[in-house]
Amino acid sequence: MSRRQGEMIREVQPAAPEPPLPTSQSVGLGVLLALVGGALDAFTFVGHGGVFANAQTGNIVLLGIAVARGQWAQALRHLPAILAFVLGVVVAETLKRPRVAAVVRWPARAALALEIVVLAAVGLMPVGTPDLVVTVVIAFVASVQVSTFRKLVDTAYNTTMTTGNLRTAIQSACTAVVDRDREAARRARQLAAVITAFLAGAFGGGLLTATGGVLGLWAVVGLLMLGLALFVYDERVAVRSSAHAGGSPHGNR
């Protein structure tokens, strides 16, 4: 066979299909987790002392102000949530370590399962549990989530706060309009969906917490269970597609 014939054969051969996007980076899961993020912040703000447990910027600022004023007891009040957030990051990163991942197999699913278990435990706490306990546990859960799920398709994003998402969405939209960049337009649409979901989660979580108390938290548990179900669904779709194509399925982590 001549070199030219070989090149012609390669040209007519169809390109190998790209592997499916991992569920942990999918828009569907990103929207679900943004709903969770908004609902958790609404739950702690409406039902537990008017605080936001998802992000620690406020706690660190208030800690610094209290120390500057010599209000040591006030300063100590902000430490537990910060330390819980740090612990959540450590746990999420540990789940990704090769030795741990070999045992856990699916670190992203394990993180969701951990969130479900911890939040269910909070939901079962007796009425009158100190707000500090609840907000510290929520801070831990939010930290696990934000440290585990950090990529939306091909873009860095955040599921427990929305400032960075809003900035990136506007930047992408500007690039799409000025440069007629289709990829930038796609990123803007995807981030807009996440931002809208965060707002919807805050609305729904706030309404449920105001009218049903802990019901707002159980709604979050339900959303996280839907997230786990999405992994299973995507995996079955991948297996069926692989069987039809005669290849091996790619696991959804």
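Nothing in this text is a laboratory measurement; each read-out follows from the coordinates by a stated rule. What you are looking at is a predicted structure, and each value in this text was computed from that prediction instead of being measured. Cβ coordinates were reconstructed from backbone atoms using ideal geometry, including for glycine residues, and neighbour counts include every protein chain displayed.
At R0 = 25 Å, how high is the FRET efficiency between LEU79 and THR163 if r is their beta carbon distance? Nearest 0.05 is fine.
Plugging the Cβ-Cβ distance into 1/(1 + (r/R0)^6) gives 0.55.
How much length, in nm to one decimal, is gained on full extension between ASP131 and LEU87, taken as 0.36 nm per residue of separation minus their Cα-Cα distance? Please report the intermediate quantities before stating the final value.
Values: separation 44, 0.36 × 44 = 15.84 nm, distance 1.92 nm.
Length gained between ASP131 and LEU87: 13.9 nm.
For labels at ARG97 and ILE170 in the simple 7 Å Cα→Cβ model, what's the distance in nm?
Once both label points are built, they end up 4.1 nm from each other.
Can you tell which of ILE82, ILE195, ILE170 shows the greatest fluctuation in a Gaussian network model of the chain with Cα springs below 10 Å?
ILE170
How much length is gained on full extension from TRP72 to ARG236, taking 0.36 nm per residue of separation minus their Cα-Cα distance?
Values: separation 164, 0.36 × 164 = 59.04 nm, distance 5.48 nm.
Gain on stretching TRP72 to ARG236: 53.6 nm.
Starting from the eigenvalues of the Cα gyration tensor, five times each then square-rooted, give me the equivalent ellipsoid semi-axes of the stretch 166-205, largest first, whole Å. Intermediate results must be reported in sequence, preceding the final value.
Values: eigenvalues 116, 13, 5 Å².
So the equivalent ellipsoid measures 24, 8, 5 Å along its semi-axes.
How do 214-221, 38-45, 121-128 rank on mean C-beta neighbours within 10 Å, highest first? Working shown, then result.
Working: 214-221: 20.6, 38-45: 25.2, 121-128: 10.2.
By packing density, highest mean first, the sequence is 38-45, 214-221, 121-128.
Give me log10 I(q)/I(0) at q = 0.16, 0.21 Å⁻¹ for the stretch 104-253, Debye formula, one equal scatterer per alpha-carbon, no solvent.
-1.03, -1.31
In nm, give the distance between the simple-model label positions of ALA229 and ALA210, each being 7 Å from the Cα along the Cα-to-Cβ direction.
According to this spin-label approximation, the distance is 2.8 nm.
Please determine, in degrees from 0 to 90 and to the nearest 10, the orientation of helix 215-245 with respect to the longest principal axis defined by the Cα atoms of the chain, where the helix direction is its Cα long axis.
Rounded to the nearest ten degrees, it is 10.
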